[in-house]
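Below is one structure; the comments refer to it alone.
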Amino acid sequence: MVPSSHLPPAVRLSRPSSLLMGVLFLLVAALVRPAFAQKSLSAAEAKEHVGEVATVCGTVVSTRYAASTKGSPTFLNLDKAYPNQVFTIVIWGKDRSKFGRSEVDYRGPS
């Protein structure tokens, strides 16, 4: 075996310094973090981001619990009342218990 002192500098292996590892970690974290960060969008902006994961923010201005409709959906309309709503949130009947009485509880000020 050839001692590493006899090898050219490009072939010598050494342990990376903790400073180098720290810089490398920060670089990877800075590049990866935005990919996992969730966007926050207004109700109006949401239509430009179909298929993306995001948080849609707005004021619930009208609601409807369609108990007799298949799936018993609850509709929460953001920013403008139905039929001119900007964005509609649908909570299916099977998930309704997770949200309380959403058509009453989440309605913004009238």
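Find the residue count for the stretch 49-77, including only residues that are in contact with a helix residue (DSSP H, G or I) (Cβ under 8 Å, 6 or more places away or on another chain) and basic (K, R).
So the count comes out to 1.
In the stretch 42-68, what count of residues is obtained for those that are assigned to a helix (DSSP H, G or I) and surrounded by 12 or more Cβ atoms within 10 Å (Cβ to Cβ)? Before you say what the answer is, go through the steps one by one.
Initial filter on the stretch 42-68 (assigned to a helix (DSSP H, G or I)): 46-49.
Still in the list and also surrounded by 12 or more Cβ atoms within 10 Å (Cβ to Cβ): 46, 49.
Going through the stretch 42-68 one residue at a time, the tally reaches 2.
If you scan the stretch 77-105, which residues turn out to be among the aromatic types (F, W, Y) and over 11 Å from S62 (Cβ atoms)?
Within the stretch 77-105, the subset among the aromatic types (F, W, Y) is 82, 87, 92, 99.
The answer is F87, W92, F99.
Report, ordered by the first and then the second residue, all pairs with beta carbons closer than 6 Å, sequence separation of six or more or different chains, a first member in the stretch 86-110 that is under 20 Å from T55 (Cβ atoms), and a second member that is polar (S, T, N, Q) and at pLDDT below 80.
What qualifies is I91/S102.
The values are calculated or read from the model by the stated rules, or taken from the named source; none is laboratory data. Given the structure is predicted, the values throughout are model-derived calculations rather than measurements. For neighbour counting, all protein chains shown are included, and Cβ atoms are generated from backbone atoms with ideal geometry for every residue, glycine included.
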